[in-house]
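Below is one structure, written out as structure tokens; the observations come after it.
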Amino acid sequence: MINASDLKKGSVAKIDGAPHIVESVAVQKPSARGSSSLYKIRFRNLLTKRKVDLTFRGDDVLDEADFERRPAQYLFGDAASCTIMDLQDYNQTGLNKDEIEDEWLYLFEGMTGLIALVSDGRILGLELPLSVPMTIVETTPAVKGGSATSRTKPAKLMTGLVVQVPEYLTSGEIIRVDTRTGEYVGKA
């Protein structure tokens, strides 16, 4: 059992018998006396991938889901599926693109630092590192003597993800991308 006030991004709870992962938590504190804080939580069902928005009081109790977090590595993939290896027992599991749609554009061959959410021997989802290094494969050239202000331009990365980067960056450079927001963090 877990209190709603203890939930944070990445927590997993059972809702209607299915495991749901917390994607975001917003706390609302009413100004009326005696009112308790409300927790507006966005969950994603780990089996169906549907998103659910629910509101709880801080002392509401939810069932914890039975799962474990295991280190994993992205081995390889194609346009529709990929293969993930559990780094504890070296079992390889195939996942379809629709099962890990939110994480898909951040995954590349040989990537480590992943955490697989495993229940009953089945990978339910992946947790990504906070930022990942990616190579710029296509961007417009920098303009000399451009401006005193910092400007950005779109850059296509090795996985197909497009992010806004500072104007001085060129193709072939390695940058870090925040996996929560999809934004440029800095050079790697």
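The values are calculated or read from the model by the stated rules, or taken from the named source; none is laboratory data. The structure presented is a predicted model; accordingly, all values stated were derived computationally and were not measured. Cβ atoms come from the backbone with ideal geometry, glycine included; neighbour counts cover every protein chain shown.
Results, tabulated for the structure shown:
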{"quantity": "Per-region count, segment 12-60, residues of a type outside the set (Gly, Ala, Ser), surrounded by fewer than 13 Cβ atoms within 10 Å (Cβ to Cβ) and either more than 27 Å from residue 95 (Cβ to Cβ) or over 22 Å from the mean Cα position of the chain (by Cα) (or both)", "calculated": "8"}
{"quantity": "Of all residues making up segment 53-97, the number that are at positive phi and in contact with a Phe, Trp or Tyr (Cβ under 8 Å, 6 or more places away or on another chain)", "calculated": "0"}
{"quantity": "Candidate set: segment 161-179, residues that are outside any strand (DSSP E or B) and surrounded by 12 or more Cβ atoms within 10 Å (Cβ to Cβ); chosen: the one nearest to the chain's Cα centre (by Cα)", "calculated": "179"}
{"quantity": "Selection count, segment 124-167, where residues are modelled with pLDDT under 85 and under 25 Å from residue 67 (Cβ atoms)", "calculated": "2"}
{"quantity": "Considering residues of segment 61-86 that are closer than 14 Å to residue 4 by Cβ and among the hydrophobic types (A, V, I, L, M, F, W, C) only, the residue surrounded by the fewest Cβ atoms within 10 Å (Cβ to Cβ)", "calculated": "61"}
{"quantity": "Residue satisfying condition, being crowded, with 16+ Cβ neighbours inside 10 Å and either among the aliphatic types (A, V, I, L, M) or not in a loop (DSSP other than H, G, I, E, B) (or both), within set 125, 94", "calculated": "125"}
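Listed here are the residues, each with its yes/no results for (1) hydroxyl-bearing (Ser, Thr, Tyr); (2) in contact with a Pro (Cβ under 8 Å, 6 or more places away or on another chain).
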{"position": "60", "(1), (2)": "no, no"}
{"position": "75", "(1), (2)": "no, no"}
{"position": "93", "(1), (2)": "yes, no"}
{"position": "103", "(1), (2)": "no, no"}
{"position": "110", "(1), (2)": "no, no"}
{"position": "114", "(1), (2)": "no, yes"}
{"position": "124", "(1), (2)": "no, yes"}
